[in-house]
Amino acid sequence: MNIAIITIFPEFFEGPLNVSLVGKARATSLLETAVVDLRTFGVGPHRQVDDAPFGGGAGMVLQAEPLANALEPFANTHRVLLTPGGDQLVQGTLDRWASLESLTLVCGRYEGIDERIAQHFIDEEISLGDYVLLGGEVAALAIIEGVTRLLPGAVGNAQSVETESFRDGLLEEPQYTRPARWRGWDVPEVLLSGHHGRVEEWRRRQRLERTRQRRPDLLDQG
């Protein structure tokens, strides 16, 4: 899969793209990434990429021309704008994107981007949630991790991807590892029983209860 990131801070990605599963996926060419510095397409001797908003107001807006020029090489990809005003990112969106050949992530900044770019050069607008960050770079990294782990061969045990939170509309059950007793707290006995049927029944009950307590909205959606 190919993922391009358009940003005014390319150095933001130097470390994260080279570690963990993302780094391994890139090393084996399972994932190809291109970090595009928007300022390369800036206007004038100072490579300007932003300007004051029409109508007045605080902050700056990323200009249309630099963004259009940066996006044109990726016209045949699925182009996603990362913005607080977008649809909230959910697991189903990552599943859908993981089946694509190419994805382009546009990192918003300041007060946003010229709306004409959003209307004519963007296929989808996505937000991490109901809060505002300094820009779209953190969201881009979240998406890259979320998509990479879904690529065939990226995760050592593919079953771990199929049995996690949100796969069946529920949160994942509690997890335990050795030792069975730690500081006086014991692992649930059923997990030590070796009885796979009872273990699966316990896990299902735990997923339901945890979802009911923490994310009842997921049950309402079901």
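The values are calculated or read from the model by the stated rules, or taken from the named source; none is laboratory data. Note that the structure is predicted; figures quoted are calculated from it, not measured. Here the Cβ positions follow ideal geometry from the backbone for every residue, glycine too, while neighbour counts run over all protein chains shown.
Quick notes
- All positions within the range 53-93 that are in a helix (DSSP H, G or I) and of a type outside the set (S, T, N, Q): 64, 65, 66, 67, 68, 70, 71, 72, 73, 74, 92
- For the range 179-217, filtered to residues that are in a helix (DSSP H, G or I) and of a type in the set (A, V, I, L, M), the residue that is nearest to residue 90 (Cα to Cα) is 208.
- In the set 100, 141, 81, only one residue is in contact with a Pro (Cβ under 8 Å, 6 or more places away or on another chain) and modelled with pLDDT of 95 or more; that residue is 141.
- Subset of the range 98-117 (residues that are touching a strand residue (DSSP E or B) at 6+ places or on another chain (Cβ under 7 Å) and more than 13 Å from residue 4 (Cβ to Cβ)): 108, 109, 110, 111, 112, 113, 114
- Only one of the numbered conditions (1) assigned to a loop (DSSP other than H, G, I, E, B); (2) at pLDDT 95 or above is not met by residue 117, and that is (1).
- Scanning the range 35-52 for residues that are in contact with a strand residue (DSSP E or B) (Cβ under 8 Å, 6 or more places away or on another chain) and assigned to a loop (DSSP other than H, G, I, E, B) yields 42, 49, 52.
- Index of the failed condition, residue 77 passing every other in (1) surrounded by fewer than 16 Cβ atoms within 10 Å (Cβ to Cβ); (2) of a type in the set (Ser, Thr, Tyr); (3) within 30 Å of residue 27 (Cα to Cα): (1)
Residue-by-condition table, conditions (1) within 15 Å of residue 142 (Cβ to Cβ); (2) part of a strand (DSSP E or B); (3) among the small types (Gly, Ala, Ser); (4) not assigned by TED's automatic domain parsing to the domain that holds residue 73:
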| residue | (1), (2), (3), (4) |
| --- | --- |
| 12 | yes, no, no, no |
| 23 | no, no, yes, no |
| 29 | no, no, yes, no |
| 33 | yes, yes, no, no |
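- Residue tally, condition surrounded by fewer than 14 Cβ atoms within 10 Å (Cβ to Cβ) and in contact (Cβ under 8 Å) with a residue 24 or more places away in the chain, over the range 53-64: 3
- Candidate set from the range 8-22 (those that are under 16 Å from the mean Cα position of the chain (by Cα) and surrounded by 15 or more Cβ atoms within 10 Å (Cβ to Cβ)); member that is nearest to residue 156 (Cα to Cα): 21
- With respect to the conditions (1) assigned by TED's automatic domain parsing to the domain that holds residue 6; (2) outside any loop (DSSP other than H, G, I, E, B), residue 131 falls short on a single one, namely (2).
- Qualifying residue in the range 5-23 (condition: under 22 Å from residue 110 (Cβ atoms) and among the small types (Gly, Ala, Ser)): no
- Which listed residue is surrounded by fewer than 21 Cβ atoms within 10 Å (Cβ to Cβ), under 12 Å from the mean Cα position of the chain (by Cα) and of a type outside the set (Gly, Ala, Ser), from 95, 114, 123, 130: 95
- Flag if residue 143 is assigned by TED's automatic domain parsing to the domain that holds residue 21, among the aliphatic types (A, V, I, L, M), assigned to a helix (DSSP H, G or I) and under 30 Å from residue 168 (Cα atoms): yes
- Taken as a whole, the range 80-100 holds at least one residue that is farther than 30 Å from residue 210 by Cβ and in contact (Cβ under 8 Å) with a residue 60 or more places away in the chain.
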